[in-house]
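A short worksheet on the structure shown next.
The values are calculated or read from the model by the stated rules, or taken from the named source; none is laboratory data. Computed from a predicted model, the values in this text were never measured in an experiment. Note that we place each Cβ from the backbone using ideal geometry, even for glycine, and neighbour counts take in every protein chain shown. Quick note on the areas: whole protein, heavy atoms, side chains included, nothing else; ligands and nucleic acids left out. Shrake-Rupley method; radii C 1.70, N 1.55, O 1.52, S 1.80 Å.
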Amino acid sequence: MCCGYTLLRDPHYNKGLAFTEKERDAHYLRGLLPPAILTQELQEKKLVQNLRQYEVPLHRYIAMMDLQERNEGLFYKLLIDNVEELLPVVYTPTVGEACQKYGSIFRHPQGLYISLREKGKILEVLKNWPERGIQVIVVTDGERILGLGDLGCQGMGIPVGKLSLYTALGGVPPSACLPITIDVGTNNEKLLNDEFYIGIKQKRATGQEYAELLEEFMTAVKQNYGEKVLVQFEDFANHNAFELLSKYSKTHLVFNDDIQGTASVVLAGLISSLKLLGGQLADHTFLFLGAGEAGTGIAELIALEISKKTNAPLEETRKKVWLVDSKGLIVKSRIGSLQHFKKPWAHDHEPIKELVDAVKAIKPTVLIGTSGVGKTFTREVVETMASLNEKPLILALSNPTSQSECTAEEAYAWTKGRAIFASGSPFDPVEYEKKLLVPGQANNAYIFPGFGLGLIMAGAIRVHDDMLLAASEALAAQVTQENYDKGMIYPPFTNIRKISANIAAKVAAKVYELGLASNLPRPKYLVKYAESCMYSPLYRSYR
């Protein structure tokens, strides 16, 4: 522990007015703080009151980021204790606006910035980061931030936000988390002309130049942090996302949250909704609007889960899933012009242009939106779903709220209160004919923190699809009868640390089972072990 002035400026150790009389003497803090001594609880109470006075969500976001830079323990205690209220502030939807304005609100650099200028020196750049024991890296290149498009270097808000959830919800220590933005330029004209833009002002590098930078980055990460560091790809554009995942999943511990995290959380909702819909997963028909990384990722995991449960081959179970993209239903006759990740979903059927006609022809029991385009589940589409199904399951997953395919209120009103509804961004409960209906939020934050913790606990060296299925089943198992009675297919976020510990245990068990674990021997009680690994934000006493 160093001198008092430095101590107050170190977010890892600073406790503000919570330093006791004894600590103030021992660490040269006398006179550097007002005489009052406040407990961490009282500090938290004051902050909650302050945050609630802000009318503008972005101001809340800035206040939270300032707190994180000042007093880490208090930041995480606040986030853990008020998770339902503060999750939309540090993550979707507010983080999207923060990224759009990142240049203007930029105060204090967080994470590492690796740009084209660092080519050939990436290993040195990683060594500039003060923490050595990194276990999770979240990295973006800012090309497809939520539904907001190319935000270049300003996408840093996403890895920073994700990692604060790794700590708050999954208990991964903040010192083990590293946010990284890879800046290869931006095609966003507005940013290129913005005098406050914080990235390099050039069009995006592509092709070989891009691939070489990423290759150097992935090699350096492994060299510096070893085989077991988890690299989570975040908000890369489709063409790069699929390629990076398939390329590096053979050599590194990698996970793409948009493809795999989304798929796992949606599959969990589908498994838990069977309690309300009846039948097995194999009895249902799924129709997607949107065939990008989220849509095809979810589709593949659904087909995989049905295949595991029924022993039917994957080629067969994929036929339960239909996708509509911007050109209409994906069918066999279009196969020549389809991107490779859409080809498995081209089934035998005549071409259909409009979503509503696809609903009429395919007669899905489940409608899933991953299009990134708002208001696409029109009244006619939703009413058609209601005419075909006693309880239509409608998942409007696009973020942020403005891009949601329909609102909770519309889904309930147009189905006369019969819909089971979940969305990507949060919606308030809706009262329909004196009954309170609570929409679910298919938020990746249910999955990735616990998933990452499970990989770290077991010392996993690769990610396998079976681990994603284990995470989905573990999350679905946490939904109680009381939740179902309100129409919920996800458990409330208030118990998220318990949920994460259960997911981590199931994921770790699968890692051991597949022989991909390096932390041996396997702990006997994995849930207990997961809880014991979790970071606690409570202040420590300094002697």
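Can you tell me how many residues within the stretch 19-43 are open to solvent by 20 Å² or more (accessible area, probe 1.4 Å) and free of Cβ contacts under 8 Å to residues at least 40 places away in the same chain? Break it down into steps so the answer makes sense when it comes.
First, pick out the residues of the stretch 19-43 that are open to solvent by 20 Å² or more (accessible area, probe 1.4 Å): 20-22, 25-26, 28, 30-39, 41-42.
Next, from what is left, pick out any that are free of Cβ contacts under 8 Å to residues at least 40 places away in the same chain: 21-22, 25, 28, 30-39, 41-42.
So the count comes out to 16.
When the residues of the stretch 177-187 are filtered to those that are open to solvent by less than 40 Å² (accessible area, probe 1.4 Å) and without any contact (Cβ under 8 Å) to a residue 60 or more places away in the chain, which remaining residue is nearest to E84 (Cα to Cα)?
Of the residues in the stretch 177-187, the ones open to solvent by less than 40 Å² (accessible area, probe 1.4 Å) are 177-186.
When the remaining residues are screened for being without any contact (Cβ under 8 Å) to a residue 60 or more places away in the chain, the result is 177, 186.
Values: C177: 23, T186: 34 Å.
Top of the filtered list is C177.
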The lone exception for A294 - which of (1) at pLDDT below 95; (2) outside any helix (DSSP H, G or I) it fails: (2)
Those helices (runs of 4 or more DSSP H) lying entirely in the stretch 459-543 with at least 2 residues closer than 30 Å to Q68 by Cα: 465-476, 496-513, 526-533
Inter-residue pairs, beta-carbon under 6 Å, first of a type in the set (V, I, T) and in the stretch 88-112, second in a loop (DSSP other than H, G, I, E, B) and open to solvent by 10 Å² or more (accessible area, probe 1.4 Å), 6+ apart: T92/N399; T92/P400
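Here is a list: Q202, Q208. Which entry is in a helix (DSSP H, G or I) and over 26 Å from the mean Cα position of the chain (by Cα)? Before you say what the answer is, go through the steps one by one.
Details: Q202 fails: in a helix (DSSP H, G or I).
Going through Q202, Q208 in turn, just one is in a helix (DSSP H, G or I) and over 26 Å from the mean Cα position of the chain (by Cα): Q208.
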Residues (over 16 Å from the mean Cα position of the chain (by Cα) and open to solvent by less than 10 Å² (accessible area, probe 1.4 Å)) located in the stretch 458-468: A458, G459, A460, M467
Test set (1) open to solvent by 10 Å² or more (accessible area, probe 1.4 Å); (2) more than 30 Å from K342 (Cα to Cα) - A220 fails condition number: (1)
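I need the full set of residues from the stretch 102-116 which are open to solvent by 30 Å² or more (accessible area, probe 1.4 Å) and either modelled with pLDDT of 95 or more or in a helix (DSSP H, G or I) (or both), in order please.
S104, I105, Y113
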Check on L123, open to solvent by 30 Å² or more (accessible area, probe 1.4 Å) and at pLDDT 95 or above: yes
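Scan the stretch 237-257 and tell me whether some residue there is aromatic (F, W, Y), in a helix (DSSP H, G or I) and over 26 Å from K342 (Cβ atoms). Outline the logic, then answer.
The first filter runs over the stretch 237-257 and keeps only residues aromatic (F, W, Y), leaving 242, 248, 255.
Within this subset, residues satisfying the condition of being in a helix (DSSP H, G or I) are 242, 248.
Within this subset, residues satisfying the condition of being over 26 Å from K342 (Cβ atoms) are none.
Scanning the stretch 237-257, I find no residue that is aromatic (F, W, Y), in a helix (DSSP H, G or I) and over 26 Å from K342 (Cβ atoms), so the answer is no.
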Some residue of the stretch 352-370 being polar (S, T, N, Q), in contact (Cβ under 8 Å) with a residue 60 or more places away in the chain, surrounded by 17 or more Cβ atoms within 10 Å (Cβ to Cβ) and within 24 Å of S246 (Cα to Cα): yes
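Matching residues to (1) among the small types (G, A, S); (2) open to solvent by 40 Å² or more (accessible area, probe 1.4 Å):
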residue: E118; (1), (2): no, yes
residue: W129; (1), (2): no, yes
residue: R132; (1), (2): no, yes
residue: V136; (1), (2): no, no
residue: T140; (1), (2): no, no
residue: L146; (1), (2): no, no
residue: G149; (1), (2): yes, no
residue: P159; (1), (2): no, no
Check on Q154, polar (S, T, N, Q), open to solvent by less than 10 Å² (accessible area, probe 1.4 Å) and more than 30 Å from K498 (Cβ to Cβ): yes
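Report yes if E305 is part of a helix (DSSP H, G or I), within 24 Å of the chain's Cα centre (by Cα), among the acidic types (D, E) and under 15 Å from F286 (Cβ atoms), otherwise no. Quick ask: steps written out before the conclusion?
On the way: part of a helix (DSSP H, G or I): yes; within 24 Å of the chain's Cα centre (by Cα): yes; among the acidic types (D, E): yes; under 15 Å from F286 (Cβ atoms): yes.
In short, yes.
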Single residue of D258, D235 found to be open to solvent by 10 Å² or more (accessible area, probe 1.4 Å) and of a type outside the set (S, T, N, Q): D258
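Check the stretch 488-507 and report whether any residue there is touching a Ser or Thr at 6+ places or on another chain (Cβ under 8 Å) and surrounded by fewer than 24 Cβ atoms within 10 Å (Cβ to Cβ). Break it down stepwise before answering.
Our first condition is that a residue be touching a Ser or Thr at 6+ places or on another chain (Cβ under 8 Å); within the stretch 488-507, this holds for 489-491.
Imposing the further condition that a residue be surrounded by fewer than 24 Cβ atoms within 10 Å (Cβ to Cβ) reduces the set to 491.
Taking every residue of the stretch 488-507 in turn, at least one turns out to be touching a Ser or Thr at 6+ places or on another chain (Cβ under 8 Å) and surrounded by fewer than 24 Cβ atoms within 10 Å (Cβ to Cβ).
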Filter pass, Y512 being of a type in the set (F, W, Y), over 26 Å from E84 (Cα atoms), surrounded by fewer than 21 Cβ atoms within 10 Å (Cβ to Cβ) and not assigned by the TED database to the domain that holds L169: yes
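Which residue, of L397, L388, L393, is assigned by the TED database to the domain that holds D283, closer than 30 Å to V95 by Cα, hydrophobic (A, V, I, L, M, F, W, C) and more than 21 Å from the chain's Cα centre (by Cα)?
L393
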Residue within the stretch 284-301 that is surrounded by fewer than 24 Cβ atoms within 10 Å (Cβ to Cβ) and without any contact (Cβ under 8 Å) to a residue 40 or more places away in the chain present: no
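Just one of R9, R70 is within 26 Å of G170 (Cα to Cα) and open to solvent by 60 Å² or more (accessible area, probe 1.4 Å); which is it? Before the answer, list the steps.
Details: R9 fails: within 26 Å of G170 (Cα to Cα).
Answer to the selection: R70.
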Candidates S337, S264, filtered to the one that is polar (S, T, N, Q) and surrounded by fewer than 14 Cβ atoms within 10 Å (Cβ to Cβ): S337
